[in-house]
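Everything below concerns the one structure shown next.
The values are calculated or read from the model by the stated rules, or taken from the named source; none is laboratory data. Since the structure is predicted, the reported quantities are computational estimates derived from the model, not experimental observations. Ideal geometry is used to build each Cβ from the backbone, glycine not excepted, and the neighbour counts take in all protein chains shown.
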Amino acid sequence: MSKQSILTAIRRGLKRGPLPEQQAVMLQRRMAEHPRHLIPARSRLPHAQQVDLFVRNVEKEFGSVARVADMASVPGAVADYLAAQNLPGSLIMAPHPELRAIPWSTRPLLEIREGRAEATDAVSIQHAFAAIAETGTLMLPSSPQRPVTLNLLADTEIAVLRSSVIVGAYEEAWDKLRAEIGAMPRNVMLITGPSRSADIEQTLELGAHGPRRLHVVLVEDAGS
Amino acid sequence: MHIATSQAFKKNAHDALGNAGLQKALARSGPSFIARRAAAVAALPEFEELRNTGRDIKNHALANLDFYLEAYEAKVLESGGKVHWCADAGEARAVVLAICQAANARTVTKGKSMIGEEIAINDHLEENGIQPIETDLGEYIIQLRHELPSHIIAPAFHLNMDDWESAFRKAHTDLPADRTFNERRDVLIEARTKLRSKFLAADVGITGANFLIAETGSSIIVTNEGNGDLTQTLPRVHIVLASIEKCVPTLEDATSLLRLLARSATGQDFSVYTTFSTGARRPGDLDGPEEYHVVLIDNGRSAMLGTDFQDMLRCIRCAACMNHCPVYGAVGGHAYGWVYPGPMGSVLTPGLIGVDKAGHLPNASTFCGKCESVCPVKIPLPGLMRHWREREFERHLTPGATRTNMGLWAFLARRPWLYRLATRASSAALGWLGRKKGRFSSLPLVTGWTDGRDLPAPEGDTFFARYARSGRGR
């Protein structure tokens with residue numbers, strides 16, 4: 001009922017009827033081709049410098065980064081981070097094949113459960129699909145292997161990110177998502193630093209409702 | 001509906017100027033918003049060019065809004081969601097209530113949503129036995145205090161630490177007596193703990209939408225706290241409230257607008273959580289809502305298309321205009337009397353509740369032009385306020401004394417020799433009367449000016465006399 005009356009009211013305002021076929025085809029094409037607009041120069045860099053820019057931006061936004069040489073070094077980096085922050089060694093991990101392939105048994109004190117996060121989980125390990133150097137942003141599309149609650153419920157989120165999936169601008173991350181995942185996932189989170197609020201006297205405090213800490217373990221797999 | 005007090009703007013503003021707590025909050029927070037935006041803009045050399053891009057994207061979307069909304073709906077359906085088209089606030093309230101009742105909802109968590117304020121959804125749910133819980137920190141305390149937000153991105157802009165403490169002590173009756181709130185951190189921890197259990201218990205989560213994307217059928221929310229994400233992820237049902245002008249064609253279009261949004265709003269390069277939601281939980285997913293509903297609301301927008309006010313529909317609700325407005329900075333948001341304060345409110349509110357009820361708002365401007373100069377989508381806000389003033393005049397809503405004075409001024413302005421004579425005579429008379437003090441602290445007929453500040457006494461010749469003497473008039 002209201003759908004037709006709203007569409008009619010819009011067309012009345014625009015002083016026309018439904019779009020002519022030819023124009024509709026043009027707009028369909030614009031959506032299918034999704035042209036890019038101006039992309040800021042700050043991320044137009046060689047890849048190694050994009051990785052450095054990403055790291056600088058994560059740190060600027062109150063996140064932290066540990067750079068390691070390979071996937072086999074991830075358990076050590078995670079254990080060291082937890083020890084340094086005085087956090088427990090019990091983790092909820094995304095059931096992602098790349099995370100499962102990590103030799104966690106080299107650090108037997110880490111106690112790992114796979115699945116979605118519950119309110120009682122203190123530390124989560126998430127798999128980063130891509131990252132955007134422009135603002136130090138992680139791209140985390142939901143899937144059975146990448147539950148959304150891991151980004152939200154734990155006090156500390158640790159993201160495992162391969163340097164080869166870091167891109168300069170958001171637009172490149174969208175194209176990577178379209179190419180590798182296809183249809184839009186149910187949920188795509190772009191995360192830039194840990195949760196915060198400035199609602200009390202317009203003064204920034206970290207750790208509002210989401211994770212108080214965001215730590216990126218950056219696996220340098222992109223060559224030099 | 002919230003009862004609009006925009007008609008009482010003059011009284012509201014007068015009260016606001018005498019409200020010590022509000023003045024303290026405005027003095028503290030006003031300058032920091034301006035400085036943070038300036039720093040973020042300075043760090044992005046392309047910012048000015050992006051403003052043109054943002055304006056063009058929204059203009060394109062609005063010119064083809066019927067097409068993009070239908071394309072958007074088709075994608076939402078494809079991804080397992082539902083779209084409910086609502087012509088006005090009443091329809092939207094009824095749809096939301098029906099969804100909540102079908103879900104047997106007892107409690108509903110809410111992300112911050114200005115359209116939610118506009119349709120007063122909380123009151124409607126409460127009247128029908130469903131408890132809505134605001135989860136954005138600022139909205140949470142506003143709800144505890146039974147107030148409207150005083151700012152569109154910082155709802156508790158007008159409050160100070162002692163207000164937070166007293167609201168929490170009153171509402172959280174289980175607080176131990178020796179619990180202290182010495183630091184902002186203590187407030188944050190108390191709210192986080194209290195709300196965590198609400199997130200987990202809620203049956204339905206309601207969020208707004210910063211953008212809708214036709215290409216993918218996605219709704220976008222932008223937050224720093226993560227409350228919106230907990231709201232839309234944990235409950236069994238997610239309801240998105242969105243007005244029709246939020247729709248843009250593609251991910252690339254939304255991305256360009258997102259580059260403008262956080263920088264203009266809080267001076268961040270990007271907000272902490274920018275989340276794209278598309279439909280309901282998919283097969284194999286371990287979390288996410290089982291139902292995804294979009295309540296698509298017109299409520300006066302389509303009537304603005306094709307009018308002087310179409311440009312206002314480009315607004316992305318960043319609040320840069322109010323952050324830079326000297327009037328907002330002096331009286332705060334509540335004086336505006338309804339949901340949307342500041343320059344964007346002065347243009348939008350008369351369009352939504354009527355210029356007869358909100359005519360004071362477009363008059364509450366010095367036309368300094370700061371709002372237009374910082375608007376990320378280049379809305380000509382002072383020009384639109386002027387259009388409202390013209391409509392108000394045409395509809396004879398302007399007060400009689402103002403009309404008489406304007407008529408007198410117009411009579412003089414059309415007769416330049418008489419105008420010059422009159423200004424010369426009056427400026428000489430005022431100059432002579434005020435020759436001792438150099439200013440007037442009160443003057444008949446212009447008490448509207450002298451009640452708030454002194455009027456300087458004119459000195460020397462009139463502008464025209466000096467201009468003629470300088471010889472540049474030829």
task = Can you work out which of the residues in segment B:263-299 that are surrounded by 24 or more Cβ atoms within 10 Å (Cβ to Cβ) and closer than 17 Å to B:GLU46 by Cβ is farthest from the other protein chains (Cβ to nearest Cβ)?
result = B:SER264
ask   = Do we have B:LEU22 as within 8 Å of chain A (Cβ to nearest Cβ) and modelled with pLDDT of 95 or more here?
value = no
query = What single numbered condition from (1) touching a Leu at 6+ places or on another chain (Cβ under 6 Å); (2) more than 9 Å from every other protein chain (Cβ to nearest Cβ) fails to hold for A:ILE158?
reply = (1)
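So that you can scan it fast, the table gives a plain yes or no per residue for (1) in the same structural domain as B:LEU148 (by TED's automatic domain parsing); (2) within 25 Å of B:LEU17 (Cα to Cα); (3) outside any helix (DSSP H, G or I):
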| site | (1), (2), (3) |
| --- | --- |
| B:GLY345 | no, yes, no |
| B:LYS357 | no, yes, no |
| B:CYS368 | no, yes, yes |
| B:SER373 | no, no, no |
| B:LYS378 | no, no, yes |
| B:LEU384 | no, no, no |
| B:HIS387 | no, no, no |
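Condition test on B:GLU117, is it at the interface with chain A (Cβ under 8 Å from one of its Cβ atoms) and out of contact with any Ser or Thr (no Cβ under 9 Å at 6 or more places or on another chain)?
No: the conditions fail for B:GLU117.
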query = Does segment B:207-214 include one or more residues that are more than 20 Å from the chain's Cα centre (by Cα), more than 7 Å from chain A (Cβ to nearest Cβ) and farther than 19 Å from B:ARG55 by Cβ?
reply = no
message = Need the failing condition index for B:LYS110 against (1) buried (at least 24 other Cβ atoms within 10 Å of the Cβ); (2) free of Cβ contacts under 8 Å to residues at least 12 places away in the same chain, just the number.
response = (2)
task = Identify all residues within segment A:118-151 that are under 15 Å from A:LEU177 (Cα atoms), in contact with a His (Cβ under 8 Å, 6 or more places away or on another chain) and of a type in the set (S, T, N, Q); write none if there are none.
result = none
query = (1) in a helix (DSSP H, G or I); (2) surrounded by 20 or more Cβ atoms within 10 Å (Cβ to Cβ): which one isn't true of B:TYR340, the others all being true?
reply = (1)
inquiry  = I'd like the full set of residues that are of a type in the set (Gly, Ala, Ser), in contact with a Pro (Cβ under 6 Å, 6 or more places away or on another chain) and free of Cβ contacts under 8 Å to residues at least 60 places away in the same chain, limited to segment B:351-380.
reply    = B:GLY369
key: Enumeration of residues in segment A:186-198 that are in a loop (DSSP other than H, G, I, E, B) and surrounded by 24 or more Cβ atoms within 10 Å (Cβ to Cβ)   = A:ARG186, A:THR192, A:GLY193, A:PRO194, A:SER195
note = Of all helices (runs of 4 or more DSSP H) fully inside segment A:1-119, the set with 1 or more residues that are surrounded by fewer than 18 Cβ atoms within 10 Å (Cβ to Cβ) and facing chain B (nearest Cβ under 8 Å) is A:2-14, A:21-33
task = Answer yes or no: is there a residue in segment B:122-138 that is of a type in the set (Gly, Ala, Ser), surrounded by 20 or more Cβ atoms within 10 Å (Cβ to Cβ) and more than 25 Å from A:ALA154 (Cα to Cα).
result = no
query = What residue, of B:VAL248, B:VAL347, B:VAL272, is under 14 Å from the mean Cα position of the chain (by Cα) and among the β-branched types (Val, Ile, Thr)?
reply = B:VAL347
query = Only one of (1) of a type in the set (D, E, K, R); (2) in contact with a helix residue (DSSP H, G or I) (Cβ under 9 Å, 6 or more places away or on another chain); (3) over 30 Å from B:PRO458 (Cα atoms) fails for B:ARG403. Which number is that?
reply = (3)
query = Any idea which of B:ALA171, B:ALA167, B:ALA191, B:ALA154 is more than 27 Å from A:THR120 (Cβ to Cβ) and either within 11 Å of chain A (Cβ to nearest Cβ) or surrounded by fewer than 17 Cβ atoms within 10 Å (Cβ to Cβ) (or both)?
reply = B:ALA154
remark   = Those residues of segment B:51-93 which are part of a helix (DSSP H, G or I), under 22 Å from the mean Cα position of the chain (by Cα) and hydrophobic (A, V, I, L, M, F, W, C) amount to B:ILE57, B:ALA61, B:LEU62, B:ALA89, B:ALA92
ask   = What residue, of B:ALA425, B:ALA457, is in contact with a strand residue (DSSP E or B) (Cβ under 8 Å, 6 or more places away or on another chain) and at pLDDT 85 or above?
value = B:ALA457
message = Go through (1) in contact with a Phe, Trp or Tyr (Cβ under 7 Å, 6 or more places away or on another chain); (2) hydrophobic (A, V, I, L, M, F, W, C); (3) not assigned by TED's automatic domain parsing to the domain that holds B:PHE270 for B:ALA16 and report which single condition fails.
response = (1)
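Looking at A:GLU180, A:GLU201, A:GLU172 in this structure, which one is at pLDDT below 95 and surrounded by fewer than 23 Cβ atoms within 10 Å (Cβ to Cβ)?
Residue meeting the stated conditions: A:GLU201.
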key: Conditions (1) within 7 Å of chain A (Cβ to nearest Cβ); (2) part of a loop (DSSP other than H, G, I, E, B); number of the one not met by B:LEU230   = (2)
Residue selected from segment B:124-161 under the condition in contact (Cβ under 8 Å) with a residue 40 or more places away in the chain and acidic (Asp, Glu), by the criterion nearest to A:SER195 (Cα to Cα) = B:ASP136
inquiry  = closer than 25 Å to B:GLY116 by Cβ, surrounded by fewer than 22 Cβ atoms within 10 Å (Cβ to Cβ) and among the small types (Gly, Ala, Ser): which single residue out of B:GLY354, B:GLY332, B:GLY345 fits that description?
reply    = B:GLY354
